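Just below is one structure, and these are the notes that go with it.
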Amino acid sequence: MVGLKDVFAHRGHPLTAASRILGAFTSTYNATVVQRLVDEDAIIIGRHNCDEFGMGSSTEHSAYGPTLHPLDKSRSPGGSSGGSAAAVAAELCDAALGSDTGGSVRQPASFCGIYGMKPTYARVSRYGLVAYASSFDTVGILTRDLSIMARMLSVIAGPDDFDSTVSSHPVPDYFASLKASKQFRVAVIKDIMESADLQPEVRDALHRSVAELKSKGHLVETVDFALLKYLLPTYYILATAEASANLARYDGVRYGYRSPESSDIESVYKRTRSSGFGKEVQRRIMLGTFVLSSDYQDTYYAQAQKVRRLIREETVKLLRKYNILLLPTSPTTAFPLGNTTSPLTHYLADIFSVQANVAGVPALSFPYGKDKNGLPIGLQALSNDFEETSLFQFAQTLTVDH
Ligand code: GLN
């Protein structure tokens, strides 16, 4: 039984991306990932709430209102795939498909105490996934059980005639690979190990995992990653730029909602987009339009593209020397709903999750202990392109505590 974040096309079913702007839109075809699961007799149970168009980290930016954390109703389940993480954690389904552009599968998985994976950028087809930032978007999986996730990835991965960005790199039997074990060379980043900005229990969990790995004979080394401070600016410049272009199609003319108060073509655009999009989406479109505007394009967009290239190169180089980079998934456990007055608070909380998307490499978040309130802590492992197998084996090596 599989649930879908409300960003996947499922033939004959509504698709809204948790936005008013899609109105009563109904999908006329199946996303490739949905079709492949249905072909394997998966039962699709329905759609899960999320932040509008995947823009957010708390599932509070939804036209339907927030999703509550299954263990504590005053808290957020994370986002943007918060409905999916809550549903899987509450055992309403065995698994969910989410989308991960900057952490949206892994961060809610960590908040809810389950597994969340984003595969390599070119691993899984995006055909039928509502676009947020196309060069970052990946289809991810949320489960309580690693072996179900491994089986699902084998089903959904691989080339697709409808998405030319998917690689023809062979798809291994991820489930079979779970039987093997491996000695890992693990890197942890010095500034993160020592950071005072981490919730102390999250930092302790990271240190405990390092001790556990060493006691099991794995090599763990502390490294510097000088580009750490550029991760978030690079992500938020490029993701908003791509979002502003992708969301231009919602104009009240082609499909979905049209403001009834509009009289001519210009007011159709203006009124539809002003009342159809929520505040956070409008903020992202404005930011993206700004960084792409002719006066600022070179300063922001072009510069961020260059920095992205450096981040990718450094990350891949690190992951050649070590086969795993171990990080917290989020600096904190599940935060209270409504805890932020500035959108920046949530943007900053994506610090550890965006690197995998900026670099395009795969990452898996797994539960590793609880904080003093009994809320789950998540850690994540990154590996090099197409080495998802290592991530499964690595997560299995550690004593995961649900
Ligand atoms: N929280 C990040 C954002 O708001 C990531 C979202 C995502 O991965 N879809 O952009």
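The values are calculated or read from the model by the stated rules, or taken from the named source; none is laboratory data. Treat the numbers as computed from the prediction; the structure is a model and nothing was measured. Neighbour counts run over all protein chains shown; Cβ positions are idealised from the backbone, glycine included. Remember, those area values only see protein heavy atoms, side chains included, never the ligands or the DNA or RNA. Shrake-Rupley method; radii C 1.70, N 1.55, O 1.52, S 1.80 Å.
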Whole-number D in µm²/s for the chain (Stokes-Einstein; Kirkwood sum over Cα pairs; 20 °C, 1.002 mPa s): 102
Fraction of accessible area attributable to carbon and sulfur, the chain (%, probe 1.4 Å): 53
Three-way shape label, segment 241-385, alpha-carbon gyration tensor, a/c 1.5: oblate
Accessible area of Lys370 in the full protein assembly, 1.4 Å probe (Å², nearest 10): 80
Over segment 126-206: Kirkwood hydrodynamic radius from C-alpha pairwise inverse distances, Å: 16.4
Whole-Hz couplings from phi, Karplus 6.51/-1.76/1.60, listed for segment 143-151; x for Gly and Pro: 8, 8, 10, 5, 5, 5, 4, 4, 5
Derived scalar couplings ³J(HN,Hα) [segment 331-342; Karplus, 6.51 cos²θ - 1.76 cosθ + 1.60; whole Hz; x for Gly, Pro]: x, 9, 7, 3, 8, x, 5, x, 7, 10, 9, 10
Amide H within-cut-off set for Gly369, under 5 Å, with H built and near neighbours excluded: Ile377, Asp401
Residue-normalised accessible area of the chain, expressed per residue, 1.4 Å probe, Å²: 40
Nearest-20 debye value, segment 155-229 charge dipole, Cβ charges on Lys, Arg, Asp, Glu: 480
Sparsely packed GluC sites (Glu not before Pro) within segment 49-110, loop by DSSP, other Cβ within 10 Å at most 14: Glu91
Highest-first arrangement of 79-89, 220-230, 316-326, where packing means the average Cβ count within 10 Å: 79-89, 316-326, 220-230
Cα-based shape type of segment 1-141, given that a ≥ b ≥ c are square roots of the gyration tensor eigenvalues and the cut on a/c is 1.5: rounded
Between segment 1-71 and segment 250-268, the Cα center-to-center distance that results, in Å: 24
Segment 242-340: GluC sites (Glu not before Pro) in DSSP loop, at most 12 other beta carbons within 10 Å: Glu261
Using θ = phi - 60° and Karplus 6.51 cos²θ - 1.76 cosθ + 1.60, couplings along segment 34-47 (whole Hz; Gly, Pro as x): 5, 4, 5, 5, 4, 4, 9, 6, 5, 9, 8, 8, x, 9
